[in-house]
Every structure is written in structure tokens, then in C-alpha cells.
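Throughout, read-outs are computed from the coordinates displayed, never taken from laboratory work. Note that the structure is predicted; figures quoted are calculated from it, not measured. Glycine gets a Cβ as well: all are built from the backbone with ideal geometry, and neighbour counts include every protein chain shown.
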Amino acid sequence: MLLTIGELSHRAGLSPATLRYYEEIALISSTRSAGRHRRYPRWTLRRLAVVAAGQRIGLSLAQIRQSLADLPTDRAPTRAEWSVLSASWRSHVNARIAELTTLRDELDGCVGCGCLSLDRCPLYNPGDEAATEGPGARLIRRAQMDPSS
Ligand code: FES
């Protein structure tokens with residue numbers, strides 16, 4: 001059974017624009033009707049559920065797309081295939097937990113302090129110089145890698 005973009009949008013809770021974007025970046029795919037309208041296999045809903053799960057654990061769409069590349073493109077993933085994929089996401093979840101735990105502990109130290117000391121506050125970032133190192137909480141990551149800083 002094939003779904004129109006409106007039906008898929010309704011069932012998945014995503015806008016048609018989002019679905020078109022997901023198709024553009026190869027997260028999902030469609031065929032075309034005789035009238036050149038998009039038609040999606042019903043199992044696209046399962047694939048969208050995988051995308052939502054990946055986003056929920058903090059993966060980028062590019063990372064999710066890379067993971068989906070290991071899944072079949074002509075049918076819904078089986079339970080075993082999903083297990084392989086979810087296991088591969090486990091290390092990402094563990095790294096996020098460690099990062100957030102460190103952030104929580106750093107915040108605990110800063111709450112009520114307010115010194116924003118250049119020498120000792122791990123959260124202070126004058127002039128946003130850490131942005132040159134890339135996106136995300138760079139000072140926290142640096143503190144994780146070198147606890148003596
Ligand atoms: S605000 Fe004082 S150590 Fe962060």
C-alpha cells in the first residue's frame with residue numbers, strides 16, 4: 001500500500017515540507033504516481049520512526065542517514081536489523097550521558113559561585129574563543145579531556 005505525502009505527513013506528524021526535505025537528503029524515498037505525485041511505501045513510517053529515535057538521542061540527520069544506509073531501502077527494517085542499528089547508537093548515547101554528567105557537575109560547582117573566573121571556571125568563555133574549536137560545549141569537552149585544567 002502506498003501513501004500520499006499528505007497521508008504520510010498526517011501519520012508521521014511531520015510537515016510535507018519536512019518529508020520533502022528528508023527525501024532530498026535521502027532519509028526516505030518515494031515513487032511517483034501517473035500524475036507525478038509522490039507515493040511512499042507504508043514502511044516509510046518505520047523509517048521515519050528510526051529518524052525520530054536518532055534525533056531524540058542527539059544524532060544529526062547526517063549521522064542518521066549514515067546509519068540508515070545499512071538498512072534495506074525496499075522494506076521495513078526487521079527487529080534484528082533495528083537491534084544492530086540501535087546497538088551502534090549505544091556508544092553515542094553513553095558519550096552523551098558522560099558529557100551531560102560532566103556538564104551537570106560543572107554547573108553544580110558554578111551555581112551560587114558567579115565568579116566566572118578566567119583561571120578556574122570551566123564554563124567561562126571570554127569572547128567565545130572556544131567557538132574556533134568547533135560547535136558544541138568546547139570548554140566542557142576540554143575539561144573532560146584534561147581534568148587538571
Ligand atoms: S562561576 Fe565560579 S567556577 Fe564557574
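Between D119 and H37, what is the label-to-label distance in nm when each label sits 7 Å out along the Cα-to-Cβ direction?
According to this spin-label approximation, the distance is 7.0 nm.
Residues of segment 5-28 with amide nitrogen under 13 Å from the 7 Å Cα-to-Cβ point of L45?
In segment 5-28, the label zone of L45 (backbone N under 13 Å from the point 7 Å along Cα→Cβ) covers 7-14.
For A26, project a label point 7 Å along Cα to C-beta. Then give me every residue of segment 69-106 with its amide nitrogen under 16 Å of that point.
In segment 69-106, the label zone of A26 (backbone N under 16 Å from the point 7 Å along Cα→Cβ) covers 69-74.
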